[in-house]
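The values are calculated or read from the model by the stated rules, or taken from the named source; none is laboratory data. Owing to the predicted nature of the structure, the values given are computational and were not obtained by experimental measurement. Note: ideal-geometry Cβ built from the backbone for every residue, glycine included; neighbour counts use all protein chains shown. Side chains are part of the model used for accessible areas, which takes the heavy atoms of the whole protein and leaves out ligands, DNA and RNA. Shrake-Rupley method; radii C 1.70, N 1.55, O 1.52, S 1.80 Å.
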Amino acid sequence: MLPNFPKPLPEDDKPVNRTVNVDDKLYQYLVDVSVREDGLLRALRRETAQYHMARMQLSPEVGQLLALLVKLQAPKKLLEIGVFTGYSTLSMAMAMPKEARLVAIEKKQMWLDIATRYLDQAGVMDRVTTYCDKALPVMESFLDAERETFDFIFIDADKQNLLTYYQLAKQLLRPGGCLLIDNTLWWGNVADEAFIDKDTKIVRELNKTIHDDIDVELSLIPIGDGLTLVRKNT
C-alpha cells in the first residue's frame with residue numbers, strides 16, 4: 001500500500017488555513033474573554049476618548065499583549081517611540097521588573113502631561129524617563145553610549161520617519177532583543193493598491209524591508225491595526 005503523502009500545495013502557494021475574519025461580534029467576544037484591563041488603563045482610555053485623535057490610542061487587547069511580552073522577556077532597559085496619552089507606556093511600565101527602566105519619547109507636551117499623570121498614579125514614574133522632543137535626534141544621541149543596550153523597543157509614532165526609526169532601533173537594540181512596531185497593517189490600506197498616499201507607501205516599504213532583513217526574525221500579528229514583532233538575531 002502506498003504511503004499517504006501530503007498533497008502538494010497549489011501553484012499559488014496560498015496556505016490552506018488563514019486567520020479568522022474578526023467582525024464586531026467576534027471582536028467583542030475576544031475582548032470579553034481575554035482582556036483584563038487595569039482600572040487605571042481603563043480610566044486613561046476613557047479620558048483619551050474625548051479627544052479627536054483618540055483613534056491613535058492603543059486598543060486594550062494590544063496593550064495587554066504588550067504587557068505580556070514585557071513580562072515574558074523581563075527586559076531591564078526599554079525604549080518607547082511615541083507615547084501619545086500613555087496607554088502603551090503605562091501598560092509596559094506596570095508590567096516590567098522593578099529594576100527596569102523605560103525611556104519614553106513624545107513630541108507633544110500635552111499628551112506627555114496626561115501620560116505622566118497616570119504613570120504617577122500607578123507609582124511607576126520613578127522608573128520612567130520622558131523626553132518631550134522629536135524622536136530622531138534623541139535616538140541618534142543614544143548611539144554613541146547606548147548602542148545595543150536596549151532589551152525592548154516599541155515604535156508607535158509618525159509614519160514619515162518610520163524607516164529611520166526602524167534602522168535606529170535596530171542599532172540600539174541588543175542581540176536577542178525585542179522590537180515591536182504598531183500600525184503595520186495601516187487600516188488595511190497596505191493591501192489595497194488604490195491607496196497611494198505617502199504614509200501607506202511608507203508602511204508598505206517598512207513591511208517589505210523587515211521581511212527582507214536577514215538580521216531579524218519577525219511576525220506580523222493581525223491584532224489592533226497590525227503589530228509586527230521583531231527579534232534581532234545574535
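Relative contact order, percent, of the range 81-170 when contacts are C-alpha pairs under 8 Å separated by at least 6 residues?
RCO, the range 81-170: 34 percent.
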Exercise. Over the Cα atoms of the range 135-222, compute the convex hull volume and normalise it per residue, giving Å³.
Key: 88 Å³
Quiz item: Measuring with a 1.4 Å probe in the full set of protein chains, what accessible area per residue, in whole Å², belongs to the chain?
Solution: 57 Å²
Self-check item: Given Lys134/Lys170; Lys25/Lys77; Lys71/Lys198, the pairs whose alpha carbons are separated by over 28 Å
Solution: Lys25/Lys77; Lys71/Lys198
Quiz prompt | Fraction of accessible area attributable to carbon and sulfur, the chain (%, probe 1.4 Å) | solution = 53 percent
Self-check item: 13 Å beta-carbon shell around Leu26, net charge (K/R +1, D/E -1)
Solution: -3
Exercise. Find the relative contact order for the chain and round it to a whole percent, using C-alpha pairs within less than 8 Å whose residues are 6+ positions apart.
Key: 15 percent
Quiz prompt | Three-way shape call for the chain based on the alpha-carbon gyration tensor, with the a/c threshold at 1.5 | solution = prolate
